[in-house]
1. Can you give the calculated 222 nm mean residue ellipticity of the chain, where each DSSP H run of n ≥ 4 adds -39,500 (n - 2.57) and the sum is split over every residue, rounded to the nearest 500 deg cm²/dmol?
2. Provide the gained length on full extension for the span Ala141 to Tyr3, in nm with one decimal, where the gain is 0.36 nm per separating residue minus the Cα-Cα distance.
3. Go through 28-38, 85-95, 44-54 and give me the packing order, highest mean Cβ count within 10 Å leading.
4. What is the spread of the Cα atoms of the chain along each of their three principal axes, largest first, in whole Å?
5. Please find the FRET efficiency linking Thr212 to Gln81, where r is the Cβ-Cβ separation and R0 is fixed at 45 Å, and quote it to the nearest 0.05.
6. Could you list the residues of the range 40-72 with an amide nitrogen less than 18 Å from a label point located 7 Å from the Cα of Tyr94 in the Cα-to-C-beta direction?
7. Mean Kyte-Doolittle of at least 0.0 plus a Cα span of 30 Å or more along the axis: flag which DSSP H helices in the chain meet both, please.
8. Just grab the label-to-label distance for His129 and Glu205, each label 7 Å out from Cα along the Cβ direction, in nm (one decimal).
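Every number here is computed from the coordinates shown, using simple stated rules; none is lab data. Predicted model only: the values in this text are computed from it and were never measured. Neighbour counts are summed over all protein chains in view; Cβ atoms, including those assigned to glycine, are modelled from backbone coordinates with ideal geometry.
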Amino acid sequence: MRYGFHGLSYQAIAERLPAVLGPLAQGRVIVAHLGNGSSLCALAAGKSVATTMGFTALDGLVMGTRSGAIDPGVVLYLLEQKGYSPRQVGDLLYKESGLLGVSGVSNDMRSLLASAEPAAAEAVDLFVHRILREVGSLMMALGGLDAIVFTAGIGENAAPIRARVMAGLEFLGARLDPAANGGHGPRITRADSAIAGFVVPTDEEGVITRETLGLLP
Ligand code: AMP
């Protein structure tokens with residue numbers, strides 16, 4: 001059983017896909033929820049088939065303060081060799097790792113992009129590197145990729161991060177439209193791009209509201 005997380009966000013995006021993506025919504029789509037918590041979800045014809053988070057929200061991408069996927073041997077090493085308590089390991093992985101741990105500067109992408117510290121740039125590099133590696137994994141689960149959708153705080157607002165992710169997909173025929181990306185889309189790729197890129201604002205609160213109203217008599 002793989003739980004996955006950010007379900008409210010992915011539901012909000014899946015509901016908006018036909019209006020924004022047109023026929024591509026029926027294709028192979030990766031949604032990148034990039035915020036303080038970050039994950040990717042692979043949608044085949046609007047239905048989730050794979051996601052980067054698992055039993056907990058620790059798995060997958062590097063996040064603001066969460067490590068994302070690491071070798072489980074690291075946990076054993078900390079417990080057995082370094083004398084960490086389970087609570088200390090939990091605090092390290094949930095609250096002191098990720099962008100904050102690598103940069104030593106901040107968990108906030110805006111601050112990292114504005115910082116001149118080499119460690120801040122290293123954290124941003126790692127963030128993008130992990131996204132691209134996980135995009136590769138989800139692409140294989142989908143059997144290809146027609147579109148990538150960026151959402152949440154970083155996905156909706158950080159044009160440089162979107163540009164770097166799309167640059168990593170250039171060898172597959174992705175072609176960014178820099179002006180459209182700077183204007184936050186909704187479409188951020190050129191017409192001849194083999195993989196279409198979009199920015200779609202998420203609406204987790206709207207999903208909660210509609211689901212709750214649906215339960216009321
Ligand atoms: P969220 O958890 O969805 O609210 O996203 C929070 C993250 O979005 C933080 O890392 C913010 O620094 C980042 N963010 C918000 N606006 C911007 C921006 N204009 N440029 C870069 N990052 C941003």
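1. Dividing the helical sum by the residues of the chain leaves -14500 deg cm²/dmol.
2. Once the chain is fully extended between Ala141 and Tyr3, it gains 48.0 nm.
3. 28-38, 44-54, 85-95
4. The principal-axis extents, from largest down, are 55, 51, 30 Å.
5. 0.40
6. Those under the cut-off are 53-70.
7. The answer, listed by residue number, is 118-142.
8. Those two pseudo-labels are separated by 3.7 nm.
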